[in-house]
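The values are calculated or read from the model by the stated rules, or taken from the named source; none is laboratory data. Small disclaimer: the values here were computed from a predicted structure and weren't measured. Don't worry about glycine lacking a Cβ; one is built from the backbone with ideal geometry, like all the others, and counts go over all protein chains shown. To get the accessible areas, we keep the full protein, side chains included, count just its heavy atoms, and leave off ligands, DNA and RNA. Shrake-Rupley method; radii C 1.70, N 1.55, O 1.52, S 1.80 Å.
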Amino acid sequence: MPDDTNVHEGGCACGHVRYRVESKPLIVHCCHCSMCQRQSGSAFAVNALIEADRVRLLQGDVTEVTVPSPSGNGQVIARCPKCQVAVWSNYLVFYKGILGDAIRFIRVGTLDDPSKMPPDVHIFTSSKQPWLVLPLDAQVVEEYYVTQDVWPKESLDRMAAMLAAIQNPD
Ligand SMILES: [Zn+2]
Ligand SMILES: [Zn+2]
């Protein structure tokens with residue numbers, strides 16, 4: 001059974017889509033890249049990365065839209081078909097150590113309580129808006145990072161387990 005303190009629900013703005021995240025995320029990114037700024041219409045995007053099979057759609061359905069990503073490979077964004085709010089996304093291919101559609105990027109602002117998933121690391125701060133001042137103790141990288149340097153050991157172990165499951169399906 002999932003650990004209740006790490007189970008969080010969220011949904012779109014109109015209530016059609018409801019989902020549940022069933023464990024702690026692997027890592028939470030606050031991304032300041034120019035694409036996240038354009039796609040969100042805001043200054044950054046906060047995404048919680050988690051194994052796709054730990055996200056359960058409780059209600060409704062999602063429409064998937066492919067958009068550009070900094071890698072050029074594209075990202076699939078899942079939106080509510082009614083209100084068009086984006087609830088999560090994934091990459092189309094293996095990118096910077098992240099396993100394509102095996103990893104879901106939950107849009108933290110769609111959680112019922114987004115304060116449960118504060119950022120672990122700020123990425124692409126080279127394009128951060130100058131008026132935004134980050135906490136002095138925040139983990140910050142100008143572009144991206146090496147996964148082994150930033151992810152907690154538990155998350156690296158989970159990623160290794162996922163890779164093993166993909167390579168040896170049975
Ligand atoms: Zn909706
Ligand atoms: Zn970004």
### Filter result for Val133 (free of Cβ contacts under 8 Å to residues at least 40 places away in the same chain, β-branched (Val, Ile, Thr), open to solvent by 40 Å² or more (accessible area, probe 1.4 Å) and in a loop (DSSP other than H, G, I, E, B))
yes
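Return yes or no: is Cys30 under 25 Å from Ile123 (Cα atoms) and either within 16 Å of ligand 1 (Cβ to nearest atom) or in a strand (DSSP E or B) (or both)? Please lay out each step first, then the result.
Working: under 25 Å from Ile123 (Cα atoms): yes; either within 16 Å of ligand 1 (Cβ to nearest atom) or in a strand (DSSP E or B) (or both): yes.
Considered against the rule, which asks whether it is under 25 Å from Ile123 (Cα atoms) and either within 16 Å of ligand 1 (Cβ to nearest atom) or in a strand (DSSP E or B) (or both), Cys30 comes out as yes.
Can you work out which of the residues in the stretch 82-99 that are assigned to a strand (DSSP E or B) and away from ligand 2 (no atom under 16 Å from the Cβ) is least open to solvent (accessible area, probe 1.4 Å)?
Checking each candidate, the answer is Val87.
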### Task
Consider Thr5 carefully, then state whether it is open to solvent by 70 Å² or more (accessible area, probe 1.4 Å), within 16 Å of ligand 2 (Cβ to nearest atom), farther than 19 Å from Ser127 by Cβ and polar (S, T, N, Q).
no
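Can you tell me which of Cys83, Cys36 is out of contact with any Pro (no Cβ under 8 Å at 6 or more places or on another chain) and more than 16 Å from ligand 1 (Cβ to nearest atom)?
On the way: Cys83 fails: more than 16 Å from ligand 1 (Cβ to nearest atom).
Step by step, each of Cys83, Cys36 is checked, and only Cys36 is out of contact with any Pro (no Cβ under 8 Å at 6 or more places or on another chain) and more than 16 Å from ligand 1 (Cβ to nearest atom).
Please go through the stretch 100-130 and pick out each residue that is open to solvent by 80 Å² or more (accessible area, probe 1.4 Å) and touching a residue at least 60 places away in the same chain (Cβ under 8 Å). Reasoning before the result, please.
At the first step, the residues of the stretch 100-130 found to be open to solvent by 80 Å² or more (accessible area, probe 1.4 Å) are 101, 112, 115-116, 130.
Within the stretch 100-130, Asp112, Lys116 qualify.
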### Query
Within the stretch 115-128, is there a residue that is in contact with a helix residue (DSSP H, G or I) (Cβ under 6 Å, 6 or more places away or on another chain) and under 19 Å from Tyr19 (Cβ atoms)?
yes
### Query
Can you find even one residue in the stretch 140-159 that is in contact with a Leu (Cβ under 9 Å, 6 or more places away or on another chain), modelled with pLDDT under 95, open to solvent by 60 Å² or more (accessible area, probe 1.4 Å) and of a type outside the set (S, T, N, Q)?
no
